[in-house]
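Taken together, the values in this text are just the output of simple stated rules run on the coordinates, not laboratory data. Note that this is a predicted model, so its numbers are computed, not measured. When we count neighbours, we look across all protein chains shown, and the Cβ atoms used for this are built from the backbone with ideal geometry, even at glycine.
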Amino acid sequence: MSKREKSVNALEGPVTEVAAEFPERHVLIKCPGCRRVIDQAKLAENLDVCPRCGRHLRVSGRKRMRMTVDAGTFEEWDRELAATDFLEFPGYAEKLADAREKSHENDAVVCGRGKVGGHDCALFFMSADFMMGSMGSVVGEKITRTFERATELGLPVVGFTVSGGARMQEGTTSLMQMAKVSAAVRRHGEAGLPYLTVLTDPTTGGVTASFAMEGDVILAEPGALVAFAGPRVIEQTTHKRLPAGFQRSEFLLEHGFCDLIVERKDMVATIAELLALHEGKVPGPGAPHALAHEEPRRGRGARPKRTPAPESAYDIVKLTRSTERATALELIERGWDGFVELHGDRLYADDAAIVAGIAWKGERVMTVVAIERGNSTKERVRRNFGMAHPEGYRKALRLMRQAEKFGRPVVCLVDTSGAYCGIGAEERGQGEAIATNLVAMSGLKTPVVSVVVGEGGSGGALALAVADRVYMLGSAAYSVVSPEGCASILWKDTKRADEAAAALHVTAEDLSRLGLIDGVVADLGLTHTEIAHDLVREVELALDELGGLSPDELVARRYDKFRAMGGDRTCSL
């Protein structure tokens with residue numbers, strides 16, 4: 001190593017650096033993750049991501065802007081705004097002067113307008129280089145102005161956060177920036193405009209507790225520390241060591257607080273894709289979440305292995321539980337042109353039993369919510385056999401409300417034996433979650449189409465089936481209770497399940513005749529690709545019809561549809 005060496009704390013500073021001068025004048029950087037030395041030029045080529053361990057190193061707000069915005073399109077806003085020592089806080093004036101000299105910025109955020117993948121948007125980029133990205137009055141003012149101008153111009157907002165929290169040297173004024181920016185975020189959202197946030201390392205304190213977690217879609221870089229209270233504060237308070245990975249991006253995803261973890265190399269393409277979808281446009285070629293699949297071949301060689309035709313209602317019920325059956329996620333992958341899965345209920349967890357996100361087919365963008373039970377034993381265990389927890393239904397509702405906000409239709413694929421019955425589910429309000437979905441779906445001011453693609457078990461299925469059109473696959477079943485449950489409760493004998501299935505009228509043909517569903521999609525004897533193709537075709541035909549109705553007409557007709565069920569025909573005076 002040369003005599004010139006600079007070390008910055010790996011947790012508090014942007015990166016640990018070791019600069020060495022060789023005849024070629026190479027500069028070497030020590031990765032704070034794996035502690036290996038990397039050539040700075042190679043690191044820059046890799047977007048400041050360690051090529052050895054994948055650690056995403058911190059970058060300045062201005063460098064982040066250059067990485068993200070299409071070349072030559074960025075118009076900076078309010079660069080001249082600069083913080084002042086209005087409280088005459090001891091040492092603050094000197095700290096400001098030092099931060100400006102080192103960062104060449106007036107404060108900790110760069111704001112403006114530009115294009116990402118050709119999509120016009122307002123942007124802000126926080127920077128750890130200026131007092132660890134702390135949020136003072138100028139940061140709050142600049143970000144608030146960005147949202148206000150975006151609202152006036154009808155632009156989405158994309159924000160990159162990195163911060164140590166509110167700036168203590170500005171006292172309670174810095175605290176008030178949380179409320180100020182949040183109010184601007186609300187106004188922007190009420191104008192029907194999208195807000196995407198990208199959480200980078202570290203995002204903590206008042207920034208986490210305000211605009212960082214208020215995005216319609218929340219992305220995060222791998223391994224980023226995201227927390228309200230920092231790790232050291234928690235350890236000092238609880239006197240306990242925190243587990244590995246605590247408060248990192250992966251922790252957030254597991255606990256339902258962000259939608260996606262995106263590597264830096266994929267960030268621009270992912271943001272461009274999401275901006276397109278929120279504009280109601282299909283992403284261009286090479287979209288990160290496009291799906292490649294073949295059109296169904298209806299002829300020789302296209303037949304699946306023959307499944308005996310079900311002879312009874314109970315045979316159909318058993319068929320819905322077969323591991324050979326196409327799962328909801330497989331139908332999405334085979335039927336739609338692209339699907340961006342979004343995660344989390346923003347309250348507690350991401351329930352793997354419910355898969356939800358934004359999909360597209362042809363030129364139509366829609367929100368798709370599906371109950372997924374998995375097809376291997378390992379996958380079924382991970383998906384809890386398609387039995388959703390309360391957070392699964394809350395995730396579904398979060399995305400349905402987003403669909404309403406942005407004018408997207410909603411498509412639900414239902415395949416569950418029922419909502420999960422367990423202590424934790426009851427503690428977290430399983431009944432309340434289902435009830436809330438029923439009320440909300442009845443009033444959604446956007447078209448809703450639901451398809452029972454396997455087993456439709458009780459309220460757990462209905463929580464995704466209060467729709468303008470409800471279809472069933474021909475081999476699906478839909479019932480108030482499982483045949484085994486009915487036989488056990490009424491006759492104390494589960495061996496009479498076949499008798500109960502017939503009495504309950506659970507088949508698509510039965511329910512169509514009773515007027516409880518709107519149509520049947522034939523699927524027996526077809527390949528999974530053919531089933532997906534036919535299902536999506538029926539969904540699109542329904543959406544074509546529903547697209548001509550106003551939001552108020554949709555809600556009124558949906559009410560009348562369910563109001564008629566169990567009415568005059570089934571009641572006697």
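With +1 on each Lys and Arg Cβ and -1 on each Asp and Glu Cβ, how big is the dipole of the chain about its Cα centre, in debye rounded to the nearest 20?
About 1040 debye.
When a/c reaches 1.5 or more, the comparison of a/b and b/c decides; with that in mind, is the stretch 512-573 rounded, prolate or oblate per its Cα gyration tensor? Before the final figure, lay out each step's value.
Numbers: a/c = 5.16, a/b = 1.42, b/c = 3.63.
It is oblate, given that a/c is not under 1.5 and a/b is not larger than b/c.
Scan around LEU291 for amide H atoms under 5 Å from its own, H built in the peptide plane at 1.01 Å from N, and keep only partners 5 or more places away or cross-chain.
HN-HN under 5 Å from LEU291: GLY338, PHE339.
Evaluate the relative contact order of the chain (contact order divided by residue number), counting alpha-carbon pairs under 8 angstrom at least 6 apart; express in whole percent.
Relative contact order comes out at 8 percent.
Counting only C-alpha contacts under 8 Å and six or more residues apart, can you give the relative contact order of the stretch 314-562 as a whole percent?
Values: 506 pairs, mean separation 45.8, N = 249.
Relative contact order of the stretch 314-562: 18 percent.
Mind listing the phi-derived Karplus ³J(HN,Hα) values for the stretch 402-413, rounded to whole Hz, using 6.51, -1.76 and 1.60 with θ = phi - 60°, and x for any glycine or proline?
Computed from phi, the couplings for the stretch 402-413 are 5, 4, 4, 4, 9, x, 9, x, 10, 10, 10, 10 Hz.
How tilted is helix 92-103 with respect to the longest principal axis of the chain? Cα atoms for both, answer in degrees (0 to 90, nearest 10).
The helix 92-103 is inclined about 80 degrees to the chain.
Cα-based Rg (one decimal) and Dmax (whole number) for the stretch 61-278, in Å?
16.8, 51
What ranking of ARG35, ARG167 emerges when the number of other C-beta atoms within 10 Å of each C-beta is taken as an exposure proxy, fewest first?
ARG35, ARG167
Report the one residue of MET135, ILE234, VAL157 whose Cα lies farthest in the direction of the positive end of the charge dipole of the stretch 108-240 (charges on C-beta: Lys and Arg +1, Asp and Glu -1; origin at the Cα centre).
MET135
Distance between Cα centroids, the stretch 490-508 to the stretch 74-115: provide it in whole Å.
Rounded to whole Å, the Cα centres lie 71 Å apart.
What number, rounded to the nearest 500 deg cm²/dmol, is the helix-based mean residue ellipticity at 222 nm of the chain, given -39500 (n - 2.57) per DSSP H run of at least four residues and division by all its residues?
Working: 21 runs with 214 residues, N = 573.
Calculated mean residue ellipticity at 222 nm is -11000 deg cm²/dmol.
Select from LEU319, VAL466, SER512 the residue farthest towards the positive end of the dipole of the stretch 314-562; place +1 on Cβ of Lys and Arg, -1 on Cβ of Asp and Glu, and compute about the Cα centre.
My answer, from the dipole projection, is VAL466.
Quick query: amide H of VAL116 versus all other amide H atoms, modeled in the peptide plane; which residues come in under 5 Å with a sequence gap of 5 or more or a different chain?
Correct list: ASP70, CYS121.
When Rg is the radius of gyration of the Cα atoms in the stretch 314-562 and Rh is its Kirkwood radius, what does Rg/Rh come to? Please report the intermediate quantities before stating the final value.
Values: Rg = 16.9 Å, Rh = 18.0 Å.
Across the stretch 314-562, the Cα-based Rg/Rh ratio is 0.94.
Under a Cβ-only charge scheme (Lys and Arg +1, Asp and Glu -1), can you give me the dipole magnitude of the stretch 61-278 about the Cα centre, in debye to the nearest 20?
Numbers: 23 positive and 30 negative charges, 56 e Å.
In total the dipole reaches around 260 debye.
For VAL452, what residues show an amide H to amide H distance below 5 Å, using hydrogens built from the backbone and excluding near sequence neighbours?
Result for VAL452 returns VAL414, TYR471, MET472, LEU473.
Among ASP107, ASP48, ASP78, rank each residue by its count of other Cβ atoms within 10 Å, from fewest to most, as a rough exposure measure.
Ascending Cβ contact count within 10 Å gives the list ASP78, ASP48, ASP107.
Could you give the nm distance between label points at HIS293 and ALA82, where each point is 7 Å from its Cα heading toward the beta carbon?
Distance between the two pseudo-spin positions: 5.8 nm.
Antiparallel as a % of all DSSP beta bridges within the chain, to the nearest 5? Could the numbers behind the result be given before it?
Values: 32 of 71 bridges.
That works out to approximately 45 percent antiparallel.
Taking neighbour Cβ counts within 10 Å as the exposure measure, how do SER182, SER475 sort from fewest upward? List each step's numbers first, then the result.
On the way: SER182 16, SER475 27.
Ordered by Cβ neighbours within 10 Å, fewest first: SER182, SER475.
Can you compute the charge dipole magnitude of the stretch 337-485 about its Cα centre, using +1 on each Lys and Arg Cβ and -1 on each Asp and Glu Cβ, nothing else charged? Give it in debye, rounded to the nearest 20.
On the way: 17 positive and 17 negative charges, 76 e Å.
The calculated dipole for the stretch 337-485 is roughly 360 debye.
Post the alpha-carbon centroid distance, the stretch 389-465 to the stretch 143-205, in whole angstrom.
Distance between centres, Cα-based: 31 Å.
Once the dipole of the stretch 314-562 is set up with Lys and Arg at +1 and Asp and Glu at -1 on Cβ about the Cα centre, which of LEU535, LEU554, GLY525 lies farthest towards its positive end?
LEU554
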